[in-house]
Amino acid sequence: MDEKLKRQWNQFREKMGLDGPARGQCARLCREYWPDDCRRTMKTADEVLEHTFLFQLPWDMEQTQEPVHFPEELDWNYILHDDPEFAYQMNRHRYWICLGQAYCLTGDEKYAAELAGQLLDWTENVPWVKESEKLTWRTLEAGLRADYWVRAMALCAGSPAVTEEVAERFLEGLKLHGKRLFENPNTGFSQKSNWGVMEYAGLYLLGFILENQEHVERARQYLKGGLHTQVMDDGMHWEASPMYHNEVLMAYLEVMRVGDIWGDRPFDGEELGIIESMAQATLGLKTPSGCQPMTGDSDDTDVRDLLSQAALLLKNGQLKTGATRQLDYESIWLWGPEGFEEYQNLESQALETGLMEFPCSGQVVCRDGWGEKSNWLYFINGPLGGGHGHQDKLHIGLWLDGEEVLADSGRFTYTDVPRRYELKAAHAHNVPVIKGVEYAESTDTWTYQALPQCFPNRALRKGEYLFIEGAHGGYGDRGVVARRRIVAVSFDILAVSDTFLGNVSGDIAQMFHFGETIRLSAAGARTVGEGEKTSFVMMSFADGKEAASEQGTAMISRHYNQLGQTACVTVSGEGARTLTTFFVKCRGGEGGNVEIAPEKVRPAVSGRELNPREAEGYVITAGDRKTGMVFLHHEAGNGVDYNGIHGVCGLGRTMVCDLGKKPERMTVLQW
């Protein structure tokens, strides 16, 4: 090894290596606080020792459900079931970090030796050549791999298995990655894509280790540009997938960590504010289970470890409140016992409940708490974003008592197969549709034939009442606009009212997909839902009359390559313009104490009955409480203005009232 490489290696070990007592302290902390993560690490490391590969680490972007074993030599170009994502995952080398962690947890040299052996094998057999640019040497993998190599080697650098030859091959390999990333030809794509952030996060790290200021400067340029280009003003990444939003956030946090180690400040105050807004968005969207929503190409991934990293780096007590109580497992290996102690000393700050809007990405969340038994309502009606977006305009998600009631169907695969298109389609989401008609058909696995626009959402809360409205023009070529109004009374009553405005031809429908623990049964015109923690009554109306409701099953994919079944309900109305479905939480029994009845709406001045195309009224009885709702289907005016039910009137288009409260009056949610 020449003098330059020796200097770089020694500097790497000094700056980033985990040697001596710190390694033992990290192992002790992980065994004490994160035993399940330790077991997963050991399982993964032992499988890799046997050359068996099963990608199921929490942040593996494309997990696998089927182990692949190589009895002899490793095949770094192997493709499983015609899906190259297996090769991408295999060549990211995330599992090498598990080898390093297993070495620290056990002190067994076989794990460090396996890391060294695979490093030598890969650098020998997977050289950078033009033909490999679309499989083993994609720029995305090069950026991720650079980071993962460094993390893994930092854990094993003190092992006798890491000989001078291994150290030299490691640095030479990093140099090759730096060249590949520096010469990245896809600069336009990288500037606007999640790829670019992960690519240039890797180049930024390599610039310091390899003492290459040009690498650092170019990485800074693209990383700063990515913040201003890719992140919406509400903190969400533009590609309309919480998973890739969080992958981008993770990359920026890693850049901040690396900058701290090497004494660099890559971002100014405004840019740090953007990163913090991304973390706040992750926090705001978090479900009661601690996971990101599964909208777009997203898995059911726990985000609390990511929030703990963000809390530590940004010194933010709010983020800590939504994160893990102790510093998360992966971060202990990155920040060591000092970071663990710093996180312990970071004071948590109270989080507000209620309504949270993300107006640029078209998302709304309402929650009554931050615990695992909380209620949570989610609504999305935003721009499609990049290729990871699904046709989920007007989609809702719902958790009651900490149990998922209404779920997104997930992604399953990126390959060009029917399931890919079925799970991206509007009918796979909890949305209103013209029955059997997609408003934007897929062209291929990444693009659509049309980019219909959504209209700005409205959301407000008045006391215990919540109102959300959204609309989109996806059926514009048919002269139709789809509009959804949501009214909630605390989390006890949820009304979802969909109106198709314009020249409607064909039957309209509402699609509802449920969490796997929800069991549905018919009870006359009602559907009763029973879960492990909650129960509810569901009832639907078409233009004010009982609507047809069909139970079935649908696909659900919580992780890439994982496919299950869950209950679904299709509500339809022949010749109708409006469908309204109620979800009423049961307070005991089998829903016998819940009644939902349509009521004629009357203007107080004329007293005439309005027909259902003009207005719909409902009375919902749950236990000893009666709630009235009015949905007007046109403007209030022309003598059809001061409207109501049971003699309780108001001047709004969407109104709600407590019929047991004195004096009775309408609360206007939409004027």
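The values are calculated or read from the model by the stated rules, or taken from the named source; none is laboratory data. All figures in this text were calculated on a predicted structure; none of them were measured in a lab. Quick reminder, even Gly has a Cβ in these numbers, built from the backbone with ideal geometry, and neighbours come from all protein chains shown. Accessible surface areas use protein heavy atoms only, side chains included; no ligands, DNA or RNA. Shrake-Rupley method; radii C 1.70, N 1.55, O 1.52, S 1.80 Å.
Could you list the residues of segment 62-76 with an amide nitrogen less than 18 Å from a label point located 7 Å from the Cα of residue 132 in the Cα-to-C-beta direction? Residues 73-76 fall inside that zone.
Taking the 1.4 Å solvent-accessible surface of segment 364-445 as the whole, the part contributed by carbon and sulfur is 52%. For residue 662, the lysines whose Cα comes closer than 30 Å to its Cα, not counting residues fewer than 8 places off in the same chain, are 462, 545, 585, 600, 626.
Quick check: residue separation of residue 260 and residue 608 times 0.36 nm, minus the Cα distance between them. What number comes out in nm?
Going from the current span to full extension adds 118.1 nm.
Using a Förster distance of 30 Å, how high is the FRET efficiency between residue 77 and residue 221, based on the Cβ-Cβ distance and rounded to 0.05? Kindly include the intermediate steps, with their values, before the conclusion.
Numbers: r = 33 Å, r/R0 = 1.10.
That pair, residue 77 with residue 221, gives E of 0.35.
Measuring with a 1.4 Å probe in the full set of protein chains, what accessible area per residue, in whole Å², belongs to segment 115-218?
Working: 3690 Å² over 104 residues.
About 35 Å² of surface per residue is accessible.
Taking the C-alpha atoms only, the angle from helix 109-125 to the longest principal axis of the chain is near 90 degrees. The smallest convex shape that holds all Cα atoms of segment 60-158, its convex hull, gives 112 Å³ per residue.
Under 5 Å between amide hydrogens, built in the peptide plane, is the criterion, and for residue 556 it picks out 564, 565, 566 among residues at least 5 positions away or on other chains. With R₀ set to 41 Å, the beta-carbon distance separating residue 516 from residue 325 gives a calculated FRET efficiency near 0.90.
Where does segment 400-460 land on the Kirkwood hydrodynamic radius, alpha-carbon pairs, in angstrom?
Numbers: mean 1/r = 0.0729 Å⁻¹.
Value: 13.7 Å, from the Cα pair sum.
Think of a 1.4 Å ball rolled over the protein heavy atoms: segment 26-82 then has 54 Å² of accessible area per residue. Put the Cα centre of segment 354-393 next to the Cα centre of segment 556-625 and the gap is 21 Å.
Classify segment 569-652 as rounded, prolate or oblate, taking a ≥ b ≥ c as the square roots of the eigenvalues of its Cα gyration tensor: rounded when a/c is under 1.5, otherwise prolate if a/b is larger than b/c and oblate if not.
Numbers: a/c = 3.01, a/b = 1.50, b/c = 2.01.
Oblate, because a/c is 1.5 or more while a/b does not exceed b/c.
Leaving out ligands and nucleic acids, note down the accessible area per residue over segment 535-671 with a 1.4 angstrom probe, in whole Å². Each step should come with its number before you reach the end.
Numbers: 5920 Å² over 137 residues.
Ligands and nucleic acids excluded, the figure is 43 Å² per residue.
Rounded, prolate or oblate: pick one for segment 1-68, where a ≥ b ≥ c are the square roots of the eigenvalues of its C-alpha gyration tensor, a/c under 1.5 means rounded, and failing that, prolate if a/b is larger than b/c, else oblate. Please list the in-between numbers first.
On the way: a/c = 2.78, a/b = 1.50, b/c = 1.85.
In terms of gyration-tensor shape, oblate.
For segment 3-134, the convex hull spanned by the alpha carbon atoms encloses 140 Å³ per residue.
Between residue 52 and residue 15, full extension at 0.36 nm per residue minus the direct alpha carbon distance yields a gain of 10.1 nm.
Taking a straight line from the alpha carbon of residue 424, these lysines sit under 21 Å away, with near neighbours fewer than eight places off in the same chain left out: 393, 435.
Of the accessible area of segment 1-144, computed with a 1.4 Å probe over protein heavy atoms only, carbon and sulfur atoms account for 48 percent. Just to confirm the number: angle between the C-alpha axis of helix 139-156 and the first principal axis of the chain, 0 to 90 degrees, nearest 10? Rounded to the nearest ten degrees, it is 60.
Stokes-Einstein diffusion of segment 211-280 at 37 °C, 0.692 mPa s viscosity, Kirkwood radius from Cα pairs, rounded to a whole number: 263 µm²/s.
Viscosity 1.306 mPa s, temperature 10 °C: Stokes-Einstein D of the chain from its Kirkwood Cα radius, in µm² per second? Numbers along the way, then the final one.
Working: Rh = 26.8 Å.
This corresponds to a translational diffusion coefficient of 59 µm²/s.
Computed from point charges on the beta carbon alone (+1 for Lys and Arg, -1 for Asp and Glu), the dipole magnitude for segment 553-671 about its Cα centre is near 260 Debye.
Think of each Lys and Arg Cβ as +1 and each Asp and Glu Cβ as -1; about the Cα centre, that makes the dipole of the chain roughly 2220 debye.
The label point for residue 548 and the one for residue 350, both projected 7 Å from the Cα toward the Cβ, are 5.3 nm apart. Normalised by the number of residues in segment 534-671, the average gap of Cα pairs under 8 Å and 6 or more apart makes the relative contact order 18 percent.
Just going by the charge dipole of the chain, with Lys and Arg at +1 and Asp and Glu at -1 on Cβ, which of 406, 26, 544 is farthest out on the positive end? Positive-most Cα among the choices belongs to 544.
The coefficient of translational diffusion for segment 379-510, derived via Stokes-Einstein from the alpha carbon Kirkwood radius under 20 °C and 1.002 mPa s, stands at 137 µm²/s. Below 8 Å, C-alpha to C-alpha, sequence gap of six or more: please give me the relative contact order for the chain in percent. This gives 8 percent for the chain. Once the dipole of segment 525-671 is set up with Lys and Arg at +1 and Asp and Glu at -1 on Cβ about the Cα centre, which of 594, 566, 647 lies farthest towards its positive end? The one lying farthest along the dipole's positive direction is 647. Cα centroids of segment 189-248 and segment 84-131: 24 Å apart. The amide H of residue 326, built 1.01 Å from its N in the peptide plane, has no neighbour under 5 Å, considering only residues 5 or more places off or on other chains. Between the Cα long axis of helix 304-314 and the first principal axis of the chain there is an angle of about 70°, rounded to the nearest 10. Quick check on segment 216-374: take the gyration tensor over C-alpha atoms, sort the square-rooted eigenvalues as a ≥ b ≥ c, and tell me if it's rounded (a/c under 1.5), prolate or oblate. Taking the square roots of the gyration eigenvalues as a ≥ b ≥ c, segment 216-374 is oblate.
Return the Rg/Rh value of segment 326-442, two decimal places, where both radii are evaluated on C-alpha atoms and Rh is the Kirkwood radius. Please list the in-between numbers first.
Details: Rg = 19.1 Å, Rh = 17.3 Å.
Computed over Cα atoms, the ratio is 1.10.
Potential lengthening of the chain between residue 22 and residue 187 amounts to 55.4 nm, from the contour at 0.36 nm per residue minus the alpha-carbon distance.
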